[in-house]
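This report refers to the structure that appears directly beneath it.
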Amino acid sequence: MKKVLIHAYTEQNLGDDMFVEYLCIRYPLVSFYIICQNRYRAAFNTISNLTILSPNESHCFSELCIQIVIGGSIFMQSKNKNILKKYSVDKKRILSNVPAHIIGANFGPYKSHLFFFLYKHWFKKLEEITFRDEYSYNLFRLNNMRWAPDILFNYNLPVISTKKTVSISCIKKNKRSGLKEYNEYLYFLKLGHIIEHYSRDGFKILLACFSKVQEDDIAAKKIYNLLTPKVQATTEILIYTGDIKIFLKKFLCSSYIIGTRFHSIILGWSAGIPTFPICYNEKSYNAINSYGFKGNVADIAS
């Protein structure tokens with residue numbers, strides 16, 4: 001079997017875990033390898049053609065055919081980090097002696113011409129890059145590049161009966177790169193008002209947390225605490241803990257999705273569920289423009 005190394009974010013984020021699972025299922029005759037800490041392995045343990053290595057086993061690679069970097073917002077300019085340092089770290093993640101493919105990513109947000117120049121120079125040396133939006137592709141237009149819609153549009157979603165439920169994906173304002181400056185309390189308050197409205201119309205509410213590491217659960221609990229006791233009784237907090245199937249069955253069992261997390265929007269569209277995007281940085285707008293979405297959109301900062 002061909003041996004392929006996967007570089008991915010492996011700290012139990014739903015979208016990233018689904019990327020890895022999809023890739024392994026899509027190519028069953030390939031032997032994949034990934035580095036992941038023990039506490040975040042739940043999503044990967046049942047994938048038969050995936051070997052999970054701990055961080056201190058990263059020297060164990062031999063006879064690799066290619067390496068795949070799979071992820072979304074992996075090329076964002078950090079707010080408080082040195083540009084050269086981030087660039088150096090990103091390059092070191094990829095083995096220099098093995099052909100490298102990047103799939104499913106977007107470029108930016110960024111502000112520095114140096115940031116753009118460094119990555120353009122590096123991208124020229126890679127085997128192939130597939131961006132998930134036209135904007136990122138048009139920034140570079142190199143011969144080894146193309147763009148295609150987000151990988152999770154191809155994910156085989158479970159067929160679920162719709163219930164009178166509204167699924168809401170929320171995020172926490174923290175030090176992560178790419179978050180707009182916005183009033184977190186007003187964001188929570190607005191989602192609370194939306195929940196109260198749907199609750200009065202007889203809907204159950206699901207507050208969906210795609211990443212506990214990135215504190216979605218803290219955001220959900222703060223929103224929950226703003227609700228009246230009557231509405232709290234019809235509101236559930238769903239936290240992703242590594243079981244993709246269970247999370248998707250609950251999240252997609254809904255009449256509507258209000259999504260802040262990028263992949264909550266993609267999953268809603270893919271499942272054919274009416275979806276209202278709340279954009280927290282440019283990547284959501286770029287995807288919306290690339291995929292021809294014509295519905296209403298909100299900006300988290302407005």
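Annotations for the structure displayed:
- Solvent exposure ordering (accessible area, 1.4 Å, most first) of Tyr256, Tyr119, Tyr33: Tyr256, Tyr33, Tyr119
- Counting only Cα atoms, the size of region 167-302 along its three principal axes is 40, 31, 30 Å, in decreasing order.
- Treating each Cα of region 68-118 as an identical point scatterer and summing with the Debye formula, the log10 of I(q)/I(0) at q = 0.24, 0.27 Å⁻¹ comes to -1.02, -1.19.
- Other residues with beta-carbon under 13 Å from the beta-carbon of Ser255 carry, at +1 per Lys or Arg and -1 per Asp or Glu, a net charge of +2.
- Accessible area per residue for region 140-223, computed on protein heavy atoms with a 1.4 Å probe, is 51 Å².
- With the whole protein complex present, Glu236 retains an accessible surface near 80 Å², based on a 1.4 Å probe.
- Surface accessible to a 1.4 Å probe, Phe44 within the full protein complex, Å²: 0
- Tensor-based shape of region 64-184 (alpha-carbon gyration tensor, a/c under 1.5 rounded, otherwise prolate or oblate): oblate
- Leu238 long-range amide H proximity, modeled H, under 5 Å: Leu207, Ala208, Cys209
- The accessible area of Thr51, taken with all protein chains in place and a 1.4 Å probe, comes to roughly 60 Å².
- Three-way shape label, the chain, alpha-carbon gyration tensor, a/c 1.5: prolate
- Protein accessible area in the chain, 1.4 Å probe - carbon and sulfur %: 52
- Considering region 18-126 at the alpha-carbon level, its Rg and Dmax are found to be 15.4, 43 Å.
- Separation of alpha-carbon centers, region 227-302 and region 32-56, rounded to whole Å: 27
- Fluctuation leader among Pro55, Pro274, Pro149 - the chain, Gaussian network, Cα springs under 10 angstrom: Pro55
The values are calculated or read from the model by the stated rules, or taken from the named source; none is laboratory data. Note that the coordinates shown come from a computational prediction; the quantities given were computed from them, not determined experimentally. Note: ideal-geometry Cβ built from the backbone for every residue, glycine included; neighbour counts use all protein chains shown. SASA here: full protein model, heavy atoms, side chains in, ligands and nucleic acids out. Shrake-Rupley method; radii C 1.70, N 1.55, O 1.52, S 1.80 Å.
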